Amino acid sequence: WRTDRYLRRLEAMMIVADKDVTLTLSGAGDVLEPQFGVTGIGSGGDYARAAARALLDETELDAEAVVRKAMAIAGSICVYTNEALTVETIHTDD
């Protein structure tokens, strides 16, 4: 897809994760594994990542609760991040 002229300068980023690994996919085709297993993207990504790391270290919250609280914290700090959030969770039978 990077050879396609239209998509060559794609700047989008995506976070993908399963129970074992979290990865950030960049528009340039880079696959990044974050330190400590926590990542964030977008204007409030650094705030959300910092909040999520603190929550993981200090609480017993599940992954979805950590995401929701971290994004609420990021939304209260960053003027470009709002608190409108959609969390998609993939449930497994494990």
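The values are calculated or read from the model by the stated rules, or taken from the named source; none is laboratory data. What you see is a predicted model; the values in this text were computed from it and never measured. So basically every Cβ, Gly included, is an ideal-geometry build from the backbone, and we count neighbours across all protein chains shown. The area values use the complete protein model at the heavy-atom level, side chains included, leaving out ligands, DNA and RNA. Shrake-Rupley method; radii C 1.70, N 1.55, O 1.52, S 1.80 Å.
Among the residues of the stretch 38-54, which ones are over 10 Å from the mean Cα position of the chain (by Cα) and open to solvent by 20 Å² or more (accessible area, probe 1.4 Å)?
SER43, TYR47, ALA50, ARG53, ALA54
In the stretch 38-59, what residues are out of contact with any Gly (no Cβ under 7 Å at 6 or more places or on another chain), touching a residue at least 24 places away in the same chain (Cβ under 8 Å) and not in a helix (DSSP H, G or I)?
Of everything in the stretch 38-59, those that are out of contact with any Gly (no Cβ under 7 Å at 6 or more places or on another chain), touching a residue at least 24 places away in the same chain (Cβ under 8 Å) and not in a helix (DSSP H, G or I) turn out to be THR39, GLY40, ILE41, GLY42, SER43.
Quick check on SER26: is it touching a Cys at 6+ places or on another chain (Cβ under 9 Å) and touching a residue at least 12 places away in the same chain (Cβ under 8 Å)?
no
Going through ALA84, ALA63, ALA70, ALA28 one at a time, which residue ends up being at pLDDT 90 or above and either over 30 Å from ARG5 (Cβ atoms) or not acidic (Asp, Glu) (or both)?
ALA70
If you take the residues of the stretch 19-37 that are out of contact with any helix residue (DSSP H, G or I) (no Cβ under 7 Å at 6 or more places or on another chain) and in a helix (DSSP H, G or I), which of them is most open to solvent (accessible area, probe 1.4 Å)?
The extreme case among them is GLN35.
Determine whether the stretch 4-22 contains at least one residue that is among the β-branched types (Val, Ile, Thr), closer than 24 Å to HIS91 by Cα and over 14 Å from the mean Cα position of the chain (by Cα).
no
Got a number for residues in the stretch 60-86 being closer than 21 Å to ALA17 by Cβ, outside any helix (DSSP H, G or I) and open to solvent by 50 Å² or more (accessible area, probe 1.4 Å)?
Qualifying residue count for the region: 5.
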